[in-house]
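Below is one structure, written out as structure tokens; comments come after it.
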Amino acid sequence: SEQQGVRYLHLGSPLIQGAMRIARPYALELEYTREMLLPLLLHADEAWPSRVLQVGLGAASLTRFLHRHRPRARLTVLEIRPDVVAAARQFFKLPEPSERLGIVTGDACETIVRLKGRFDLVLVDGFDGAGNAGMLETVPFYLNVRERLARGGFMACNLLSGRRGIVAGVGMLGQAFGE
């Protein structure tokens, strides 16, 4: 949908899965996306992060921003739905795959254990049309994320869940990462 110069992604429901201001496609339109990139403020060096893992593509807001503003970063995006990748390409200016940007279509819970190397920054923002994150909001998944983090790396995740709520999400993060 589009309203007042902003294009929104929906997955078969009124819930907003992502947004892009058409006149400023590389800006982060939604507040939570800006909050997810707080770790960038903790690193004055523009060479950080060197490797980013993004779970959930949505409207490609985080992808576009990092691709534009962190040109040295290598981004790996995991997205379960091919139609979301197609929509991001067609309507949300998803950059073309390159040496710097890889898009992997498949289940993130299965794919993350097969990835090689570690990531400085892991961004978890994957939901279905009803706002459920499914297996992405479980202790086993968070433990696998922890294994993929580089020493001193950061993970940021969207805990807006229609299923369990923020308190449960924080509890699972505590179990996986320690208090």
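The values are calculated or read from the model by the stated rules, or taken from the named source; none is laboratory data. Quantities reported herein were computed from a predicted structural model and do not represent experimental measurements. Note: ideal-geometry Cβ built from the backbone for every residue, glycine included; neighbour counts use all protein chains shown. Areas reflect the complete protein model, heavy atoms only, side chains present, ligands, DNA and RNA absent. Shrake-Rupley method; radii C 1.70, N 1.55, O 1.52, S 1.80 Å.
Couple of notes before you dig in:
- Considering the conditions (1) of a type outside the set (A, V, I, L, M); (2) surrounded by fewer than 21 Cβ atoms within 10 Å (Cβ to Cβ); (3) more than 20 Å from GLY12 (Cβ to Cβ), PHE119 is excluded by exactly one of them, (2).
- Output for the stretch 16-36, where each listed residue is open to solvent by 40 Å² or more (accessible area, probe 1.4 Å) and not charged (D, E, K, R): ILE16, ILE22, ALA23, TYR26, LEU30, TYR32
- Looking only at the stretch 6-15, residues that are surrounded by 17 or more Cβ atoms within 10 Å (Cβ to Cβ) and part of a loop (DSSP other than H, G, I, E, B) come to 1 in all.
- Of the residues making up the stretch 16-30, those that are part of a loop (DSSP other than H, G, I, E, B) and under 13 Å from ALA59 (Cβ atoms) are ILE16, GLN17, ILE22, PRO25, TYR26, ALA27, LEU28, GLU29, LEU30.
- Cross-chain or 6+ apart pairs with Cβ under 6 Å, the stretch 44-61 first and more than 15 Å from LEU30 (Cα to Cα) and β-branched (Val, Ile, Thr), then at pLDDT 95 or above and surrounded by fewer than 23 Cβ atoms within 10 Å (Cβ to Cβ): VAL52/ALA73
- The stretch 1-34: number of residues that are closer than 20 Å to PRO71 by Cα and either in contact with a Gly (Cβ under 7 Å, 6 or more places away or on another chain) or without any contact (Cβ under 8 Å) to a residue 24 or more places away in the chain (or both): 2
- Residue under evaluation VAL77, criteria (1) more than 20 Å from ASP107 (Cα to Cα); (2) free of Cβ contacts under 8 Å to residues at least 60 places away in the same chain, criterion not met: (1)
- Selection from the stretch 41-53 of residues that are open to solvent by 60 Å² or more (accessible area, probe 1.4 Å), assigned to a loop (DSSP other than H, G, I, E, B) and of a type in the set (A, V, I, L, M, F, W, C): ALA44
Yes or no, residue by residue, for (1) aromatic (Phe, Trp, Tyr); (2) assigned to a strand (DSSP E or B); (3) modelled with pLDDT under 95; (4) surrounded by 14 or more Cβ atoms within 10 Å (Cβ to Cβ):
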residue	(1), (2), (3), (4)
ALA87	no, no, no, yes
PRO95	no, no, no, yes
GLY102	no, yes, no, no
GLU110	no, no, yes, no
GLY126	no, no, yes, yes
TYR142	yes, no, yes, yes
LEU160	no, no, yes, yes
ALA168	no, no, yes, no
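- Residue in the stretch 69-80 that is closer than 18 Å to HIS10 by Cβ and more than 10 Å from the chain's Cα centre (by Cα) present: yes
- Some residue of the stretch 54-66 being within 14 Å of the chain's Cα centre (by Cα) and open to solvent by 20 Å² or more (accessible area, probe 1.4 Å): yes
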